[in-house]
1. Go through (1) of a type in the set (A, V, I, L, M, F, W, C); (2) crowded, with 22+ Cβ neighbours inside 10 Å; (3) closer than 21 Å to Gln179 by Cβ; (4) more than 35 Å from the chain's Cα centre (by Cα) and name the single condition Ile344 misses.
2. From the list Ala131, Ala80, exactly one residue is over 28 Å from Lys162 (Cα atoms) and part of a helix (DSSP H, G or I). Which is it?
3. Out of region 101-110, which residues are surrounded by fewer than 18 Cβ atoms within 10 Å (Cβ to Cβ) and not in a loop (DSSP other than H, G, I, E, B)?
4. For the structure I just gave you, tell me whether Val306 is more than 33 Å from the chain's Cα centre (by Cα) and either farther than 17 Å from Gln143 by Cβ or open to solvent by 60 Å² or more (accessible area, probe 1.4 Å) (or both).
5. Of the residues Ala131, Ala136, Ala126, only one is under 30 Å from Ile260 (Cβ atoms) and at pLDDT 90 or above; which?
6. Looking at (1) of a type in the set (D, E, K, R); (2) without any contact (Cβ under 8 Å) to a residue 60 or more places away in the chain; (3) closer than 25 Å to Ala186 by Cβ, can you tell me which one Asp266 breaks?
7. Could you please find all residues in region 83-99 being in a helix (DSSP H, G or I) and either surrounded by fewer than 16 Cβ atoms within 10 Å (Cβ to Cβ) or in contact with a Ser or Thr (Cβ under 6 Å, 6 or more places away or on another chain) (or both)?
8. Just give me the residues in region 123-137 being closer than 16 Å to Pro111 by Cα and either open to solvent by 10 Å² or more (accessible area, probe 1.4 Å) or in contact with a Cys (Cβ under 7 Å, 6 or more places away or on another chain) (or both), in sequence order.
Amino acid sequence: MKPGFVVAVVLMVLVAIAVVVVPLLRRGRQQQRPRNVFVLALLFIVAVPLLTLGLYLKIGTPATLDGVALQPPAMNIDQALADLRAHLSQQPNDLQGWLLLAQTTTAMHQPSDARDAYDHVLKLDAGNTDAMVGWAEADSMLQASHLIGERARALLKQAVDKQPDNQRGLWLLGIGEFQQNRFAEASTTWRHLQPMLQPGSTVASAVAEQIKIADARGGHPSTTAPDAGTQASRGPALQVKVQLAPALKGRVGSGDTLFIYARPADGPPMPLAVARMDARTLPVSVTLTDAMAMTPQLKLSSVSKVFVGARISHSGQAIAQPGDLEGDAGVVAVDSAQPISITIEKVH
């Protein structure tokens, strides 16, 4: 405890004695009252502040008098989430509670928990656009190639129909359309988003770039290789030729889809470039470029080496399924000008 505090206490006691006790003693003498009464009063006046000080030192927080304020306990986010979940188990109809849990777990990169929480929100409020978009985003994070699935696309479409200025919903819906090779629709969706963005911002530039890519992908993948000068100006261009092993020809049927892709040699499995076509067109040659990127941030020119592969999907899904047919060329440099050959000869 600081000495100044003790001095202040003593001074206050002395002032009290001077202001209260001395006049009482004078008046008592004038009225000829016994002196021991005033002595007892004096003892009480001195003792009470001292006893109060002692009690404070015993059970109070004297450290604060030394300028050391007690710090409140640090917030534990895990405990806070546990408390929120416990609350929701008791109050399962708390819409705002579920929404808070969904947004928090999204920020903490826990997409499975976030999707589950958004599911609860949608059960309580089927028209909640934040939950629609949040569910779609969380679900895409759980997919091997960050694909936006059928339910996610339906929710995004519903969200932007209800709230046409939902920027995140428009962006994700465009990605979903792009992934389905519906390039004209993707371009239209992103063009609707463009006027809402700050001109010259990073987001606006990314959207403009993605619109260019969607427009460029409006036709079938190129089957001719560009000349060296054109290739240098447009970035990486991997020439890939794919054929099917004779032993597997009987396993390709109507409706099967061929995916030819390049993904990072080290990193997430999301393709940096992908071409999709009817598997019955094999053998086929394509050129993988930045224009075939699934998102503007992840493209061939963003890495130095890629894993190049091909797969025939019986389900039409980009995620590999048992029974799919596969082949690959391994890891190659993205600036390679040599043709890359792939033979599909394995069963997943």
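The values are calculated or read from the model by the stated rules, or taken from the named source; none is laboratory data. Just so it is clear, the model here is predicted, and its values are computed rather than measured. We place every Cβ from the backbone using ideal geometry, glycine too, and count neighbours over all the protein chains shown. Heads up: the accessible areas ignore ligands, DNA and RNA and are worked out on the full protein's heavy atoms, side chains in. Shrake-Rupley method; radii C 1.70, N 1.55, O 1.52, S 1.80 Å.
1. In the conditions (1) of a type in the set (A, V, I, L, M, F, W, C); (2) crowded, with 22+ Cβ neighbours inside 10 Å; (3) closer than 21 Å to Gln179 by Cβ; (4) more than 35 Å from the chain's Cα centre (by Cα), Ile344 misses (3) alone.
2. Values: Ala131 fails: over 28 Å from Lys162 (Cα atoms).
Going through Ala131, Ala80 in turn, the sole match is Ala80.
3. Gln103, Thr104, Ala107
4. Details: more than 33 Å from the chain's Cα centre (by Cα): no; either farther than 17 Å from Gln143 by Cβ or open to solvent by 60 Å² or more (accessible area, probe 1.4 Å) (or both): yes.
The answer is no for Val306.
5. It is Ala136.
6. (3)
7. Residues of region 83-99 that are in a helix (DSSP H, G or I), as a first pass: 83-90, 95-99.
If the condition is that a residue be in a helix (DSSP H, G or I) and either surrounded by fewer than 16 Cβ atoms within 10 Å (Cβ to Cβ) or in contact with a Ser or Thr (Cβ under 6 Å, 6 or more places away or on another chain) (or both), then Asp83, Arg85, Ala86, His87, Ser89, Gln90, Leu95, Gln96 are the ones that fit.
8. Kept after step one, since they are closer than 16 Å to Pro111 by Cα, are these residues of region 123-137: 130-137.
Across region 123-137, the qualifying residues are Asp130, Trp135, Glu137.
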